[in-house]
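The structure appears right after this line, and notes come after that.
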Amino acid sequence: MRIGGFLPLSLCDYPGRVAAVVFTRGCNFRCPFCHNGHLLDAAAAPDDPAADDVLARLAELATRLQGVVVSGGEPTLQPALADFLRRIRGLRLAIKLDTNGSRPDVLAALLAARLLDFVAMDLKAPWPRYPELSGTACDVAALKRSVALIAGSGLPHQFRTTRVTPLLSDADCEAITRQVPGGSPHVFQAFRPEQALDPRLRPGL
């Protein structure tokens, strides 16, 4: 389990819960508006926390936390993800997964194993524009399957879109909204240009 960062306390990453956030390394997308560009590389950095150390810290904090968010990067790329979530489950903490939805088979296995309590999936763009907004060729059918899995899971969930004004038009945003299954929550998030992966999206450049 390659962990690129750990936030021991967050009041905004898990709706309705006080949570810690674990950031995994590596992502298969290269979204130009990404604000976690330092996590895209799967290779470990010298100051990355070890998984065992993070779990030990979570055990220390367990009585003050209500959940753990596993974010990234893209967590479903981690071969040890299910085992890591089982160890969090042993601490009696609720688990929220943040995902780009690119690996529905992994998502289906985690759901079947009852290792998730909340799932948030990013919807980057209208389906025809996904390669452009994700920065890579991607399997749109796989993304659609993840949307269906999440919407049909019976779990609390959320679809979310970073509204990047230079890249997404009003018509694009309307198209994204239509991609969300009926009854599923969807929110637009503010774009943080100062942290964008693509320097052309940063202010003053």
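Read the figures in this text as sums done on the coordinates, not as results from a lab. Because the structure is a prediction, the values reported are computed rather than measured. When we count neighbours, we look across all protein chains shown, and the Cβ atoms used for this are built from the backbone with ideal geometry, even at glycine.
What angle, in degrees between 0 and 90 and rounded to the nearest 10, separates the Cα long axis of helix 170-179 from the longest principal axis of the Cα atoms of the chain?
50 degrees
For the stretch 144-194, report the translational diffusion coefficient in µm²/s to the nearest whole number, using Stokes-Einstein at 37 °C, 0.692 mPa s, and a Kirkwood Rh over Cα pairs.
On the way: Rh = 12.0 Å.
Approximately 273 µm²/s, per Stokes-Einstein.
Relative to the compact globular guide of 2.2 N^0.38 Å, what is the alpha carbon radius of gyration of the stretch 54-205, as a ratio? Walk me through the intermediate numbers first.
Numbers: Rg = 16.6 Å, N = 152, 2.2 N^0.38 = 14.8 Å.
Dividing the Cα Rg of the stretch 54-205 by 2.2 N^0.38 Å gives 1.12.
How far is helix 140-151 tilted, in degrees, relative to the longest principal axis of the Cα atoms in the chain, given as a value from 0 to 90 rounded to the nearest 10?
In the chain, helix 140-151 runs at an angle near 50 degrees to the longest axis.
In the chain, what percentage of the DSSP-assigned beta bridges are antiparallel, given to the nearest 5? Before the final figure, lay out the partial values.
On the way: 5 of 27 bridges.
Bridges in the chain that DSSP calls antiparallel: roughly 20 percent.
If I fit a long axis through the Cα atoms of helix 51-61 and take the longest principal axis of the Cα atoms of the chain, what angle between them do I get, 0 to 90°, rounded to 10?
Roughly 70 degrees between the two axes.
Can you compute the label reach from VAL187? Point 7 Å from Cα along the Cβ direction, backbone N cut-off under 15 Å, restricted to the stretch 1-45.
It comes to 10-19, nothing else.
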